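One structure is given here, and the rest of the page talks about it.
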Amino acid sequence: MLKVENVRCGYNESEVLKDVSFHVKKGEKVCIIGPNGCGKTTLLKAIAGLLKSEGDINLDGIPIKRMKRTEIASKVAILMQNETVYFSYTVYETVLLGRYLHIKGGILGGPTKHDKDFVMDCLDKVGLTDVKDRQIKTLSGGQLQRVFLAKALAQEPRLILLDEPTNHLDLKFQLELIEYLKQWANTDGNTVIGVLHDINLVMYFADKIMLLSDGQIVKYGEKSDFVDGKLLEKVYHMDIKGYMQNSLKMWNNVF
């Protein structure tokens, strides 16, 4: 699905990612963790082709650098932590923007009944059907986050990149979102790569975990490699194990 080899990139003259290499298979759920500023968001932008990089990033065997933006968008949807709202579209209109690749004539073309039904289904999945006609500038941060997730789902991607998808969400919607993403990734080989800070959500959601520090991969492997907390304590410089054990009990009881 995704092959990243020897990738280096950053901003202006400052290098953020340093020789990053890893593979992700179809249907896998990968969580990227690490301290603030270690390169998590930068890596997502590089994978999505939004940031120039050295090295190779191949999606389904095709180099991202050789793909047009429309080709990437047909396979990859990205939900950033701080989406910018430029126009006060309605919730429905915003999610419909995610369908432009599927609408004949693009964004200026007319959506079919299938497109409209698909948008409503995406809104239903994130619990926003009842506010579909509201202007997005009137929404709370949590509601807005769910609007942009629905927009990403409307693209019908095979890979979703998420930067703190549970940010601004209350516990109820955190649980529902994580559960839905698990189900989505278990369908037709869909793949999720997400940045999460809550290690307990990571342990519940991920198939594999990538621990970044100072732009480099400290460890990329199975959840079992992280359970004892030693790697995390080394990078975060704090007692992680006790926190993980107590919180994991809560998540296990919830689910």
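The set of residues in the stretch 197-231 that are under 24 Å from K45 (Cα atoms), within 18 Å of the chain's Cα centre (by Cα), buried (at least 16 other Cβ atoms within 10 Å of the Cβ) and not hydrophobic (A, V, I, L, M, F, W, C) comprises D198, D207, K208, Y220. Being surrounded by 13 or more Cβ atoms within 10 Å (Cβ to Cβ) and either in contact with a Phe, Trp or Tyr (Cβ under 6 Å, 6 or more places away or on another chain) or assigned by TED's automatic domain parsing to the domain that holds E179 (or both) is a property that does not hold for K116. Of the residues making up the stretch 144-182, just one is modelled with pLDDT of 85 or more and of a type in the set (S, T, N, Q), namely Q155. The condition (being crowded, with 17+ Cβ neighbours inside 10 Å and at pLDDT 90 or above) is satisfied by just one residue among G61, G39: G39. Select from the stretch 1-36 the residues that are among the charged types (D, E, K, R) and assigned to a loop (DSSP other than H, G, I, E, B) and write down the one among them that is surrounded by the fewest Cβ atoms within 10 Å (Cβ to Cβ). Among those residues, the one meeting the criterion is E13.
The values are calculated or read from the model by the stated rules, or taken from the named source; none is laboratory data. All values derive from a computational prediction rather than experimental measurement. Every residue, glycine as well, gets a Cβ built from its backbone with ideal geometry; the counts of neighbours run over all protein chains shown.
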